[in-house]
Amino acid sequence: MFSWSNKNGKKKDPELFQTVSDGLRRLYQTKLFPLEDTYRFHEFHSPALEDADFDNKPMVLLVGQYSTGKTTFIRHLMEQDFPGMRIGPEPTTDSFIAVMHGDQEGVIPGNALVVDPKKPFRKLNAFGNAFLNRFMCAQMSNPVLESISIIDTPGILSGEKQRISRGYDFAAVLEWFAERVDRIILLFDAHKLDISDEFSEVIKALKNHEDKMRVVLNKADQIGTQQLMRVYGALMWSLGKIINTPEVVRVYIGSFWAQPLLMPDNRKLFEAEEQDLFRDIQGLPRNAALRKLNDLIKRARLSKVHAYIISSLKKEMPSVFGKENKKKELIANLKDIYLKIEKEHQISPGDFPDLKRMQEALAEQDFTKFQSMKPKLLEAVEDMLANDIAKLMVMVRQEEAAMPSQSVHGGAFEGTMNGPFGHGYGEGAGEGIDELEWVVGRDKPSYDEIFYTLSPVNGKVSGAMAKKEMVKSKLPNTVLGKIWKLADVDKDGFLDDDEFALANHLIKVKLEGHELPGELPGHLVPPSKRGLE
């Protein structure tokens, strides 16, 4: 439990928040929503948030052109078919499917889904029947879905006629989801990297959510290493033209399905990439509260700017004559109004809404119904950002600390956790883990030759003598110091022939590109030292 009191002016009863979600919900309802409602924020930018938006599980949104493997990716994660699933080389998924946990397996149609207060989809009602007829929830009992929900989307098309015939604003729907999900995964097929006009439009619609975005280059086992390098380069070049960020988007390369690899040359690369992506997804529940906090801050900043814009427009409107002409003039000069607000209130240009979209939205509005500046509403939001959010951050850290780092289990996440097929098993420092003989003994004769050239005294070499040999590896001192600590098993400041051989084995492990263990694994402890550590 966490509490704090309002220190501005009149004393209020301390606010008692049981969880971060509870705190965010109450801060939104009491401090941010009044500002949004007064200045019609929901008509311009995003619908009001509801209880389910604060309580729902982390969501993963899959986006990609048709036949890039989105549905197969979900099937691979869960290792189970889900209701409404269709897979094929042609455009098969023509609906948005929310794959969620439920005791009863089945499908809930879109119109029923948007009236369920326990689901975070009620505001999708605004997109009308054309969308709702192509929206459903697939419920099933699966351990993966106990921690996350997954949103499958229709394959993005390339033809203009197909885009228009959707009957709803596809990019706007994806943008609505992007605001509420924890991770956006863009899937590309290694065989077709062309980014269609609609896909380009979709990626641009997601431009304010680059921090949630990850890219998967799928079906990479179907091409050789040299071709894969060229495909990867071409993908990065294409993305660079669309995603206007200085940082490179994280791209995971692999084949995310349970079929044999057609070209196994890059097997180790695919395994490492898959593990990285799995770790990223497994961390979502742990970071969910921080994501919701971050999204609320972004929303609050946009709401403040929106309030300044609307109140400025209201101030400029004449009281009697020429209202329509003045409205057109103000819309045309909106950029100048942005600059004026930016200087007057010291606001970053990045906090302002897109100029063109704002002009289009304003054209549909009656400026006479806009509200003038209400300082108390802005002060409440300022107080939320300056004080409440900072204190709520303490609760976020407490909740994170109490949660396991990898809290998504089941399905494909279990496949590489245990046994000899775990990632890195039998490699690097793990080599020889299930062998009876000491793995270092294989190369010990060659290490002994070096050992005896260092003039050992009483069967041991000093640290200074060992250092002369170890620095020949050209590894930095920080790494060599760690190797020394691991190899000096009896902690006497000297190395005997077994410990010297172990040090050289660990140097070899590092030079081959593997990480050193934090503690010396039992199978690497020299037989002569077992029982000492």
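Express the Stokes-Einstein translational diffusion coefficient of segment 427-519 in µm² s⁻¹, to the nearest whole number, given a Kirkwood radius over alpha-carbon pairs, 25 °C and a viscosity of 0.890 mPa s. The estimated diffusion coefficient comes to 183 µm²/s. With semi-axes defined as the square roots of five times the eigenvalues of the C-alpha gyration tensor, the equivalent ellipsoid of segment 339-417 measures 42, 22, 13 Å, largest first. Taken over segment 95-209, the percentage of Cα pairs per 10 Å bin, counting from 0 up to the bin with the maximum distance, is 12, 42, 34, 11, 0. Please report the net charge: other residues with Cβ closer than 9 Å to the Cβ of VAL249, K and R +1, D and E -1. Summing Lys/Arg as +1 and Asp/Glu as -1 gives 0. Considering segment 295-339 at the alpha-carbon level, its Rg and Dmax are found to be 12.8, 42 Å.
Under 11 Å from a label point 7 Å along Cα→Cβ of SER46: give me every residue in segment 202-218 with its amide N that close. Correct set: 208-209.
With all protein chains in place and ligands, DNA and RNA left out, the 1.4 Å accessible area ranks ARG122, ARG230 as ARG230, ARG122, largest first. Charge dipole of segment 454-518 (Cα centre as origin; +1 on each Lys and Arg Cβ, -1 on each Asp and Glu Cβ, all else neutral): 380 debye, rounded to the nearest 20. For the listed residue pairs LYS482/LYS529; LYS123/LYS343; LYS31/LYS315; LYS241/LYS304; LYS207/LYS356; LYS335/LYS369, the alpha carbons are over 26 angstrom apart in LYS123/LYS343; LYS241/LYS304.
Just the Cα atoms of segment 14-57, one point each, no solvent: what log10 I(q)/I(0) does Debye give at q = 0.18, 0.24, 0.27 Å⁻¹? Debye intensities relative to I(0), on a log10 scale: -0.56, -0.86, -0.97.
What is the diffusion coefficient of segment 483-533 in µm²/s, taking the Kirkwood radius over Cα pairs and the Stokes-Einstein relation at 10 °C with a viscosity of 1.306 mPa s?
143
Compute the accessible area per residue over the chain, keeping the other protein chains in place, probe 1.4 Å, unit Å².
50
Volume per residue of the convex hull around the Cα atoms, evaluated for segment 28-80, comes out as 106 Å³. On the accessible surface of the chain, probed at 1.4 Å, how many percent belong to carbon and sulfur atoms? Here carbon and sulfur together make up 51 percent of the probe-accessible area.
Annotation: GLU274 carries an accessible surface of approximately 30 Å², with a 1.4 Å probe and no ligand, DNA or RNA atoms counted. For ILE243, the amide hydrogen comes within under 5 Å of no other amide hydrogen, counting only partners 5 or more places away or on other chains and with H modelled in the peptide plane. Note on segment 211-266: Rg/Rh from Cα positions, Kirkwood definition for Rh, rounded to two decimals, is 1.02.
Coupling constants for segment 383-390 follow from the phi torsions by the Karplus curve (6.51 cos²θ - 1.76 cosθ + 1.60, θ = phi - 60°), and in residue order they are 5, 4, 6, 7, 10, 4, 5, 4 Hz; glycine and proline get x. Can you pull the percent of Cα pairs in segment 222-317 with separation above 24 Å? When every Cα pair of segment 222-317 is considered, 53 percent fall beyond 24 Å. Taking all protein chains together and a 1.4 Å probe, the residues VAL381, VAL248, VAL479, VAL107 rank VAL248, VAL107, VAL479, VAL381 from largest to smallest accessible area. Between ALA363 and ASP55, the modelled labels are 4.2 nm apart [label points 7 Å from Cα along Cα→Cβ]. Remark: segment 289-301, residue by residue, has Karplus-estimated 3J(HN,Hα) of 5, 5, 5, 5, 5, 4, 5, 5, 5, 4, 5, 5, 5 Hz, where x stands for each Gly or Pro and the curve is 6.51 cos²θ - 1.76 cosθ + 1.60 at θ = phi - 60°.
Under 5 Å from the amide H of ARG214 lie the amide H atoms of ILE184, ILE185, LEU186, each residue being 5 or more positions distant or on a separate chain, with H modelled from the backbone and absent for Pro and chain starts.
Under Stokes-Einstein, with the Kirkwood radius over Cα pairs as Rh, the value for the chain at 20 °C and 1.002 mPa s is 78 µm²/s.
The values are calculated or read from the model by the stated rules, or taken from the named source; none is laboratory data. Here the structure is a predicted model, which means the values were calculated and not measured. Note that each Cβ is placed from the backbone with ideal geometry, even for glycine, and that neighbours are counted across all protein chains shown. SASA here: full protein model, heavy atoms, side chains in, ligands and nucleic acids out. Shrake-Rupley method; radii C 1.70, N 1.55, O 1.52, S 1.80 Å.
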